[in-house]
Structures are given as structure tokens and as C-alpha cells.
There are 2 protein chains.
Amino acid sequence: MSDEKKLTTRAADFSAWYNDLVLRAELADYSPVRGCMVIRPDGYGIWERMQRALDDMFKATGHRNAYFPLFIPQSYLQREAQHVEGFAPETAVVTHGGGKLLEEPLVVRPTSETIIYAMFAKWVQSYRDLPLLINQWANVVRWEMRTRLFLRTLEFLWQEGHTAHATHDEAEAEARQMLGVYRQFMESWMAMPVVTGRKTDAERFAGALRTYSCEAMMQDNKALQAGTSHNLGQNFAKVFDLKFQTESGGTDFAWNTSWGASTRLIGGLVMTHGDDNGLRVPPKLAPTEAVVVPIWRTDEEKSRVLGAAHALRTELTGRVRVHIDARDTMKPGAKYYEWELRGVPVRIELGPRDLDKSQAVLVRRDTRVKQPVALDHLAADLEALLITIQDEMLTAARKRREEHSVRGAITYDAFRQLMEGEGAFVYAGWCGDAACEAAIKDDTKATIRVLPDEEFRSPEAPRTCLKCGRPSTSEAVWAKAY
Amino acid sequence: MSDEKKLTTRAADFSAWYNDLVLRAELADYSPVRGCMVIRPDGYGIWERMQRALDDMFKATGHRNAYFPLFIPQSYLQREAQHVEGFAPETAVVTHGGGKLLEEPLVVRPTSETIIYAMFAKWVQSYRDLPLLINQWANVVRWEMRTRLFLRTLEFLWQEGHTAHATHDEAEAEARQMLGVYRQFMESWMAMPVVTGRKTDAERFAGALRTYSCEAMMQDNKALQAGTSHNLGQNFAKVFDLKFQTESGGTDFAWNTSWGASTRLIGGLVMTHGDDNGLRVPPKLAPTEAVVVPIWRTDEEKSRVLGAAHALRTELTGRVRVHIDARDTMKPGAKYYEWELRGVPVRIELGPRDLDKSQAVLVRRDTRVKQPVALDHLAADLEALLITIQDEMLTAARKRREEHSVRGAITYDAFRQLMEGEGAFVYAGWCGDAACEAAIKDDTKATIRVLPDEEFRSPEAPRTCLKCGRPSTSEAVWAKAY
């Protein structure tokens, strides 16, 4: 960690840069179990802040947390036809327990619709019991063949919201609301702008009526599906007999939604904000917002500088999360290097000459701009700077995305070249035919990320399908994706 | 839930009372997976508050959270001889993934020593990397045959701390420190007094040098092992090659500790504080500390009373967690019944006649004592009352425990009768021979819960072994246990 070997650059090999950064910034490590990662304290600290922020937003919208079993009877997964088709091939299966072969194998949950709606059916009798608004923080397992730290692992941590409603429209409103919650979190906490919209039938969640997604552009111009929200219709309710007595005295099946976001978001954070010097963490998610690097040569200087550093920390308590790097086994330059790698938003350099001038030097991690600040208003200046950094990181990421978004008429050949080359979000027409969608995917590996929500659509709607030239029925955002 | 069927009483059938309460207060429910429970929002809300309090204490003592894989290669579990003997018989085993038979079966973690110390071995090179102080919040699976909601389930939620140190003494100090953290949490948050001490070799954690435990007395006078802390010595370090370069330039194996507490604590809370009317939650752990039950007959009264209730809630924001039960489908009496069942510490009755007198009536859940309080100092009175309740619940539980603790000379016959009858914590002499320990267990089902720490020992040390009459080498606390 402390050796100053340079990271692979993004330009040289984006994928190698990513792995290098994740390992050397100690966000995660490989484990002895194929495809399973260890989330190290620096990575987990970011996840804890993500969890807290999302959890507060879920609670503010009326949801409560609960916990459902890790194991799902195999027969439950099989009840919803599309669901089993989507998930059964990638499950881990427990066949033995307590030294004996089980009568029925248990699947390690890949997602919990089946077990949760089976429980909802026990709890819901009347329209008065609706809406039922539940969230679970849990680990899930999907047997992926090719894995990447944070982005795709056999086991990952996530939250899955599950709700039941009396009407289609209420479920639809919930699915849209939670998409909005995700977007707000990603933009205002992660400083990661997203395009929202609906998935095509081919990309829909297995068992859903409609799937909505937040899609973010990484620095290699590929899309990351960062959070999805599903209107499940009555599909699961019918299978698990989740019925209720309506206000007018009849009975009906409930309408469900589910929505999830995972530790994949940490990968998204890295690929949105990381640079060739390491990670850049947006201040609101940074376990440490500012690190004080004291500079000294003599013992006398050391005690003077550390004294000032501790006074500063005391002043900042409850306002800014500060760490003092007082290690005397490392030079300041090595410390700068390390904290840049780890992505702490602001470095505070504090040496004897600074103290002589009653100042410290603040160095922004995002822009690396330095500015001297008088000690007597450092706290206020630092707070303001952190807000500025948070805002400007979002602005910069949005600008970058727009520079790599292509709108307006594009030939299929030009599109194909773009996808083979530097990549982009391409806004183009689509005839609505799954055959065109599949052909483009075969050809270029690009997929329709979303049929974008109104605010993301081009001022002039595309007229023809990117592939077949027939009239377009909806604008689509095409990109290669993680 | 809202039907006013009485709970089974504790006196009639303690075990049925417990299940009845857990289900009817909606703390948990049975799931379709044998031995796995669903933790419902009211139960999970208590767990979230427990987590937050413990997590803060872990962080205050220098620990950081991380996350390790759910799956452990079967060969890892087998490396430490005692460990595998203790845990292998109760594991769930994944034999198939992605539709294929695995080359090596994966065990669903029953505890994570093996996988965690394998990772520590990668991370620790030098004494400068020590101590390494890690905690994980996770689910674990132990294939139990006889299960009880919260107390013993196939899957449960817990935290497991894992640390590595340079010396035996540091590891020992850590194990003792964390035992103290548990005790402090159990007493000052759960209002559940515990006896601390060391486990005998027969009751020690599989693979540990020494195990320490917090033992609480439930209302049926049985013991609940509520949290344990282990000095693992160098057992795991040797097996996983967790070595470090010492300050003097040699190499040595690290010294490990592990310590855990689980959702079993919720069962402990119920069995410590519940009564025949339902749950009693100590204020510090109550998601809702006070519930306002507004009383009205006319629409005019309703709007007046609800107006006052909302004003009260606004005043209490940030001070007391308050819920207003404004349902108009239930009478006040039914609401009282429901909130008593759910264990909310204080009920605030607020009706037109109270408003005429500028007062409300506070009703304590623990003692059911009522007191009118002037609205203009209700907030301060309520805050003080909640502190009083928290304190008095601990005092009452400690008093109860002492009334059912037996010290001083006791014949073996009297002991056996006591264990067959109402039960107790019996402080008696022990010769130190595992044969006596085993014979008593066979005979009475009672076990040595701990060799108690000094402050719990009797003023006069027992002279002879309870069973064999030989000289006692240590005082032991005997009880039947969950």
C-alpha cells in the first residue's frame, strides 16, 4: 500500500486500472472462494454510509425493515414460470444439512420475491393491511461464471424492497417513487448522474410487468445498471395466493413491487470518480472527509504541529469527519500519495511555517487545487469546500456523460464503429421489435439500457429505427454495459 | 392481533407464553423453511437499535466493520481439529452451483474464524499491522434439530468480532474488554443483568483457549448464554499461517480473539421483561418510546385532541420517539391492549377532559402506574420518566435474579430437587473434575454456566464440590440453560 508504485492508467487498460485501484485502495480483496470477495474496512465504510443514507430515505417514504430466510425451498422458486427461468440456472443449492441429505433441496436466495410474498399472503387479509411496505438488507447469491470485484460476484450485499398494494396504479406509483429515491441517492450522495427509464421486455426482471432502471455512465463509456425497480403486477400474488378483501367486499390479488440496489454501487463510484492517482470519494459518502497531514522535522516542531492538529480536530468534531495522520514512520509525501489513492476529499497540510502564518493548506482531491486558509475560519471554509466538491463532482460527471452521449441521426455503421471503439450512450430510434434489439446485441454487444424517461429524451424524437429503418416507436438509449 | 384473546400466562406454561408473545406482538413468524424464522418489522426494529448501540461501542473501542464470504471451503473448516469437531456436524452444505456439482463442497458459514484468519494471513506482515480489529455483521447457519424463535434457529443474525494481536496478554485483554462491552450493553441498554465469567473446558468454544460468557437469568430461572468472547490463542494462526515479523526481528504467530452476540438477544429481552400482558421493551431499545392514544367521541373532540397530539409530537421531535395512534377503527381500550402487548414503554392518554385541565395521563408499561402530567412540562417529565423506567427495569430484573440465586452450602439432593423444580442459579463448589460436571449434567440437565468473575463470587468461597465432596477448586454457577 505505502509503496509508491503507480496505478495502471485508465487509458492504458481501464479494466486493469479498476482492479488495481480496488485492491490497492483496500476497498476489497479476493477470497479463497471462487467469485466471492472480501469487502475490506475502507470499502465497507463507504457501504455503511450508503446504507445509512438509503435506509433513511426508505424510512422517510414509509418503509420498514424486516428479515427473511436465506434459504428458499426449490419448489417456491419454481412456481413463477418466468422467475424460475431467469434465476434457476444461477443458483447455489444446499443439498445436505446436519450431515443428512435433505428431502427438498434449498436454494440460497438469488432474490427473495418467492419467500417474501409467501409470508405476505399470511399477513394480508384486508385492504386495511395495505399497502405493506417492507425492505430487507441481505446477502444474495447468484452463480456467475465471470466475476469482477463489486460489479459481479457470486455473493453480494444489497437491499431489496418488497411491497403490496391494493391497485395497479398504487404499485406503479411506488415503483416510480423508488426509482426516484435511487436517482436522488445516486446523484446527491454518490455524485453519479443517471439516466432513468423503462427496460424493454428482453431486459425486464424475470417475473415483472415492468422494470425501471437507473443507468450510469462509467469512464470507459459503458453503462452500469445501478438500481432497478419493478412493478410485478399480480404475477407473484397469484402464485402465492396473496389475496385481500377489497373495500367493496370482494377479493382481489395484491399488486407487488420490488426494488434493489447493491454493493455494485461501490464499483460504480470507483468507475465514475476514480482517476489515475486513485479513488475520489464524494464527501457525503466519505468515512473520512478530511485528513490532516502534519509536517515536522524536529521534535519541537512535531509537538507544536500535532498540538495544532488536535485543536483543529476538536473544533471540527460533529461538523467534519477528520483523521490526523500522525504516523512517524512515513514522510508527508508518502502520506499524500496514500490519501490520494484512498480518495479522501480534502487534505489539510499543516507545518511550522503554516502555523507561523496562522494558516493551513487545503488540497482538494477532486481537482488537486491547493488553497491556504486562515486557521480562525478553517472550519467554516472546509465545510463550504466539501459542499462545493460534492456539487462539482456531480457537475463534472454529468458533463463527461453528455460529452459521450450521441443524439440525432446516426447510421448503423457509425453506431457500430462507436460501440467497437470508445463507446457512448447513443440515443436512437427503435421500432419496438425485439428482433432488431437482439440483432444489434449480437452484432455489437450493445443493449437498450432504457427507453428513457421524458426529461432525458431528445428534443426531436428520432423518426426511424437504428437497425431496420422502419418508423421508430420509442427513443432508446443504447450502450455496452457491465 | 387486535383480538383481545389473553396470552398464555407465564405460570401456566412459560414456553407457550414465549411463543405466543413473540408471534402476537409480531416480533417474528415461522417461515416455510424448517427452523428458519422471519423477523418482522417490530422485532427487526429492536434489532436495529441493538445493532446501532453495539456498533457504536465496537467503533469506540477501535474496531472497524468488514464483510467476508458466506461460503467456506469444506477443507478450511477441517483444518482446526477441535473447530471441525464442534461445527461440522451442524453445517448446511452447498454441493451444486450454476447447475453443476462443485469440485469442493462449500459450507454455509456457522462462524467465520477459518475464512477470516485465512484473509488476516494475507494482510498481516509485521507487528506494525497489529492489532487488527475487525467486526462483521452477518447471517450464519447452524443445522439445529430443535429450534425456537430467536433462541435457536437454523439461520440467525449476529455480529462476530475477530482480532489479531502480537501477544497473548493483548489478546486476553481484548477478550476481556469485549466481554465488558457486552455486559455494559446488556445491562445499560437491555436492562438485562448478567453474570460474567469463564466457561469450563467442556463448554468452551471449539478451537478456543478460553471462553468468557455473559449469562442472564430468564423468568423461568433458566440461564441464557447472551454473548461470548474467546481468547483463541495461536490455534487458528498456526493452522492458517498467520505470522508476523516481531519488533525484535523474529517471527511469531498472531494471537486471535473472537466474540459474538446474536438475534438471540431479542429472545432474552422477551424472557427477561415480558409479562402476562405482553412485551416490555426498555426505553433505550424501543423503536417507539411513547404512544399517544387520543380519546374522542365527537368529530369536534377528535380534531381538538388530534391537534393537541400533533403539537405534542412536534415538541417531542428529536427528544422522544413518539407515535400517534389515530386509527378510528378501534376504541381506546383496544389500543391500550395492543400497545401493552407490543411493549411500548409509555402510553400517553389524551382526551377532551385532559385538555380542559391542560394535562395528559402517562401510563408506564413496566409498572402500569398512571400519572397525570401538565402539558406544559410533559416533554421534560416524559424524558425523566423514560430514564426512570430504564433504571427500574434493570433493578427489578437484578432483584428477581438474586431472589432466585442460591449461595452457600447445599446438598446434592436439594440441588437436584431445585433443578427439577423451579430452577435457580446455584453458586456451589466444584472440584475441577470434568467427570463431576458431566455427571451433574446427565443427572439434572444443569451445566456450569460460568466460573464467575470475582465480583459475582460468594463472600465465602465454597469448600467442597457439589457432587463429590472433594475440595472445591473454584466456585461455579450451575443452572439449566437455553
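Throughout, read-outs are computed from the coordinates displayed, never taken from laboratory work. Bear in mind the structure is a predicted one, so any value in this text is a computation, not a measurement. We place every Cβ from the backbone using ideal geometry, glycine too, and count neighbours over all the protein chains shown.
Before moving on, here are some points about what is shown:
- With the label put 7 angstrom out from Cα along the Cα-to-Cβ vector, A:Arg353 ends up 8.1 nm from the copy partners, going from closest to farthest.
- Computed from Cα atoms alone, the Kirkwood hydrodynamic radius reported for the protein assembly as shown is 30.9 Å.
- Placing a label point 7 Å from the Cα of B:Asp55 along the Cα-to-Cβ direction, the distances to the matching points in the other copies come to 0.4 nm, shortest first.
- Gyration tensor verdict on the stretch B:283-393 (Cα atoms; rounded if a/c is under 1.5, prolate if a/b is larger than b/c, oblate otherwise): prolate
- Computed over the stretch B:39-89, the P(r) curve from all C-alpha pair distances, binned at 5 Å from the origin, holds 4, 15, 13, 11, 13, 18, 20, 5, 0 percent per bin.
- Dipole magnitude (debye, nearest 20) for chain A, charges at Cβ of Lys, Arg, Asp, Glu: 480
- For chain B, the Cα gyration tensor yields ellipsoid semi-axes of 43, 28, 22 Å (square root of five times each eigenvalue, largest first, whole Å).
- Each Lys or Arg adds one and each Asp or Glu takes one away; over the other residues whose Cβ falls under 13 Å from the Cβ of B:Thr388, this sums to -3.
- The magnitude of the dipole of the protein assembly as shown, with charges of +1 and -1 set on the Cβ of Lys/Arg and Asp/Glu and taken from the Cα centre, is near 260 debye.
- Selection from B:Gly86, B:Tyr44, B:Trp339, by position along the positive dipole direction of chain B (Cβ): B:Trp339
- With a cut-off of 14 Å between beta carbons, the residues surrounding B:Ile266 carry a summed charge of +3, where Lys and Arg count +1 and Asp and Glu -1.
- Positive-pole candidate from A:Cys431, A:Val305, A:Ser262, dipole of chain A, charges at beta carbon: A:Val305
- Distance from the stretch A:196-262 to the stretch A:388-448 (C-alpha centre basis), Å: 24
- Among the listed pairs B:Lys5/B:Lys370; B:Lys199/B:Lys480; B:Lys59/B:Lys222; A:Lys122/A:Lys243, those beyond 21 Å (Cα-Cα): B:Lys5/B:Lys370; B:Lys59/B:Lys222
- In Å, descending, principal axis extents of the Cα set of the stretch B:405-479: 28, 24, 19
- Percent of Cα-Cα distances greater than 23 Å, calculated over the stretch A:1-143: 58
- For chain B, the relative contact order is 14 percent, taking Cα pairs closer than 8 Å that sit 6 or more residues apart in sequence and dividing their mean separation by the residue count.
- Going from the residue with the fewest nearby Cβ atoms within 10 Å to the one with the most, A:Val305, B:Val369, B:Val107 rank B:Val369, A:Val305, B:Val107.
- Between the stretch B:3-35 and the stretch A:356-377, the alpha-carbon center distance in angstrom: 61
- Within the stretch B:405-479: Cβ-based charge dipole about Cα centre, in debye rounded to nearest 20 (Lys, Arg +1; Asp, Glu -1): 120
- If you model the stretch B:138-187 as an ellipsoid using its alpha carbon gyration tensor, with each semi-axis the square root of five times an eigenvalue, the axes come out at 28, 15, 9 Å, biggest first.
- Mean separation of Cα contacts under 8 Å, 6 or more apart, over the residue count of the stretch B:14-273: relative contact order %: 20
- Remark: the stretch B:372-381, residue by residue, has Karplus-estimated 3J(HN,Hα) of x, 9, 5, 4, 6, 10, 5, 4, 5, 4 Hz, where x stands for each Gly or Pro and the curve is 6.51 cos²θ - 1.76 cosθ + 1.60 at θ = phi - 60°.
- Our note on the geometry: Cα centres of the stretch B:53-113 and the stretch B:309-355, 45 Å apart.
- For B:Gln359, net neighbour charge (Lys/Arg +1, Asp/Glu -1) across residues whose Cβ lies under 12 Å away: -2
- Each of B:Val373, B:Gln225, B:Ser31 was placed along the dipole of the protein assembly as shown (beta-carbon charges, centred on the mean Cα), and the one lying farthest toward the positive end is B:Ser31.
- Square roots of 5 times each gyration tensor eigenvalue, C-alpha, the stretch B:14-273, largest first, Å: 31, 23, 16
- Look at A:Leu27, B:Leu132 and count the other Cβ atoms within 10 Å of each Cβ; fewest to most, that gives B:Leu132, A:Leu27.
- Here A:His404, A:His83, B:His377 are placed in order of increasing Cβ neighbour count within 10 Å, fewest first, which gives B:His377, A:His404, A:His83.
- Of the GluC sites (Glu not before Pro) found in the stretch A:359-412, none is in coil by DSSP with at most 13 other Cβ atoms within 10 Å of its Cβ.
- Label point of B:Ser75 (7 Å along Cα→beta-carbon): distances to the other copies' equivalent points are 3.8 nm, sorted ascending.
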